[in-house]
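Asks: Pasting in a structure now, in structure tokens, and then I'll have a few things to ask.
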Amino acid sequence: MLSDSISKYIRPLSPRVTTLQPSGELATKVKCIMFDVYGTLFVSGSGDIGITRQKAPQTEQLKNLLQKFGIRRSPDDILNDFFTAIDNEHAKLKANGVDFPEVEIDKIWMRVLNNNNLDLIRTFAVEFELIVNPVYPMPNLEKMLADCKESNLCMGIVSNAQFYTPALFQWFLGSDPEDLGFHPDLMLFSYRFGYAKPSTYLFQLAAESLQNMGIPVNAALYLGNDMLNDIYPAQKVGFKTALFAGDAGSLRLREDDPRCKNLSADIVITDLKQLLNHIR
């Protein structure tokens, strides 16, 4: 469960109601459900993992964090070096043919802080993330996962993520993802592969794992809150799709993006418990 260093950053977060209504039907029964994490299973303060330059924090918490770790630099300096290091790594990966690159955030922080102590860097990275992007379980998350497991539904994750993302389940639900019912071969976190959504790379890996398990791709449902990052690549690979529209803070309809212009999910849900109506 939560350590003292983490628990001080945790506070309840509530999703904000959207204007969308539940809709759609699944024509055939699904055998597997794949999930996005940030903005879908967990309320995310930034709406996704990490932060953008526009949302970069200038808070006392960040100053206190730097002071705690003996870092005698300003938050502005640290953030500037942080984003520059990410940009440089993205450029390198793109030059190697990665369409939507993902970094390993602990390696980024090693460069920014000029420190190779992995345990210390990871502790810093977790606390930094919880400051800039507080998270909290979506309503009915635990019940939904328990009911899916009880129904013997195969479950997986395809998510933009970092090393601390799998720990969210232990921190908040008291169980590792595998104990909650997620199949180890179907937990695809972007930092492990160097590819981020909306690349189809992670979805293609998921499809291959499903086929090895004897589950057709079109018998799997993918649930996410972002039409571009979630629904678009999932459909391209052949998954059925569900748009989670339960939080105005994370719902991304992407109506101005040409890739999403004529795109729609098979179903729309506004509460995780509604998913059960489509899989029983």
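The values are calculated or read from the model by the stated rules, or taken from the named source; none is laboratory data. This is a predicted model, so every value here is computed, not measured. With ideal geometry, Cβ positions are generated from the backbone for all residues, glycine too; neighbour counts draw on all protein chains shown. Ligands, DNA and RNA are stripped out before the accessible areas are found, and what is left, the full protein with its side chains, is counted by its heavy atoms. Shrake-Rupley method; radii C 1.70, N 1.55, O 1.52, S 1.80 Å.
Asks: Heavy atoms of the protein only, probe of 1.4 Å, neighbouring chains included. What is the accessible area of CYS260 in Å², nearest 10?
Replies: The value for CYS260 is about 10 Å².
Asks: Can you tell me which lysines have their Cα less than 26 Å from the Cα of LYS107? Leave out same-chain residues fewer than eight positions away.
Replies: Once the sequence-local lysines are set aside, what remains near LYS107 is LYS8, LYS55, LYS63, LYS68, LYS92, LYS94, LYS197.
Asks: Now a separate question. Which of rounded, prolate or oblate describes the range 114-153 when judged by the alpha-carbon gyration tensor and an a/c cut-off of 1.5?
Replies: In terms of gyration-tensor shape, oblate.
Asks: Now for a different question. Debye sum, Cα scatterers, the chain, no solvent: what log₁₀ I/I(0) at q = 0.14 1/Å?
Replies: -1.03
Asks: What share of the DSSP beta bridges in the chain is antiparallel, in percent to the nearest 5?
Replies: Given both bridge residues lie in the chain, the antiparallel proportion sits at roughly 20 percent.
Asks: Name the residues whose placed amide hydrogens come within less than 5 Å of the amide hydrogen of LEU188, ignoring near sequence neighbours (fewer than 5 apart) on the same chain.
Replies: ILE157, VAL158, SER159
Asks: Compute the angle between helix 118-132 and the longest alpha-carbon principal axis of the chain, please, reported from 0 to 90 degrees and rounded to the nearest 10.
Replies: Once rounded, the angle reads 70 degrees.
Asks: Using DSSP loop states and a limit of at most 10 other Cβ atoms within 10 Å to flag GluC sites (Glu not before Pro), what is the longest stretch of the chain containing no flagged site?
Replies: Counting only loop sites that pass the neighbour cut-off, the longest clear stretch is 26-254.
Asks: Continuing with the same structure: Based on the alpha-carbon gyration tensor of the range 154-238 and its eigenvalue square roots a ≥ b ≥ c, which shape applies: rounded if a/c is under 1.5, prolate if not and a/b is larger than b/c, or oblate?
Replies: In terms of gyration-tensor shape, oblate.
Asks: Another one. Would you calculate a helix-derived [θ] at 222 nm for the chain, using -39,500 (n - 2.57) for each DSSP H run of n ≥ 4 and dividing by the full residue count, to the nearest 500?
Replies: After summing the helix terms and dividing by the residues of the chain, the value is -10500 deg cm²/dmol.
Asks: Please list 3J(HN,Hα) in residue order for the range 151-160, calculated via the Karplus relation 6.51 cos²θ - 1.76 cosθ + 1.60 where θ = phi - 60°; whole Hz, with x for glycine and proline.
Replies: Once rounded to whole Hz, the list reads 7, 6, 7, 5, 10, x, 9, 10, 8, 5.
Asks: Given an 8 Å cut-off on Cα distances and at least 6 residues of separation, report the relative contact order of the chain as a percent.
Replies: Once divided by the residue count of the chain, the mean separation gives 29 percent.
Asks: With Cβ to Cβ distances under 11 Å as the rule, what net charge do the other residues near PHE244 carry (K, R +1; D, E -1)?
Replies: The answer is -4.
Asks: Here's something else I'd like to know. Tell me the net charge near LYS261. Cut-off is 12 Å between Cβ atoms, LYS261 excluded, with +1 for each Lys or Arg and -1 for each Asp or Glu.
Replies: Taking every Cβ under 12 Å from that of LYS261, the sum is -1.
Asks: Let me ask something additional. Using only Cα atoms, find the angle between the long axis of helix 201-212 and the longest principal axis of the chain, and express it within 0 to 90 degrees, rounded to the nearest 10.
Replies: 50
Asks: Tell me the per residue accessible area of the chain using a 1.4 Å probe; a whole number in Å² is fine.
Replies: With all protein chains present, the chain gives 46 Å² per residue.
Asks: Computing the accessible area with a 1.4 Å probe over protein heavy atoms, can you report the carbon and sulfur percentage for the chain?
Replies: So the carbon and sulfur contribution to the accessible surface is 45 percent.
Asks: Can I ask one more? Relative to the longest principal Cα axis of the chain, at what angle does helix 141-150 sit, 0 to 90 degrees, rounded to 10?
Replies: With both axes taken from Cα atoms, the answer is about 50 degrees.
Asks: What's the magnitude of the charge dipole for the chain around its Cα centre, counting Lys and Arg as +1 and Asp and Glu as -1 at the beta-carbon? Answer in Debye, nearest 20.
Replies: 240
Asks: If you don't mind, there's one more thing I want to ask. Hey, in the GNM for the chain with a 10 angstrom Cα cutoff, which one of MET187, MET213, MET227 fluctuates hardest?
Replies: Checking each option, the largest mean-square fluctuation is seen for MET213.
Asks: Solvent-accessible area of TYR38, probe 1.4 Å, all protein chains present, reported in Å² to the nearest ten, please.
Replies: Estimated to the nearest 10 Å², TYR38 gives 10 Å².
Asks: Once you sort the root eigenvalues of the Cα gyration tensor of the range 37-124 as a ≥ b ≥ c, which label holds: rounded (a/c under 1.5), prolate (a/b larger than b/c) or oblate (the other case)?
Replies: Because a/c hits 1.5 or more and a/b fails to exceed b/c, the range 37-124 counts as oblate.
Asks: Among ALA242, CYS260, ASN116, which residue has its Cα positioned farthest towards the positive end of the charge dipole of the chain, with +1 placed on the Cβ of Lys and Arg, -1 on the Cβ of Asp and Glu, and the dipole taken about the Cα centre?
Replies: Sorting the options by dipole projection puts first CYS260.
Asks: Taking just the C-alpha trace of the range 126-198, give me its Rg and Dmax in Å.
Replies: Final numbers for Rg and Dmax: 12.9, 38 Å.
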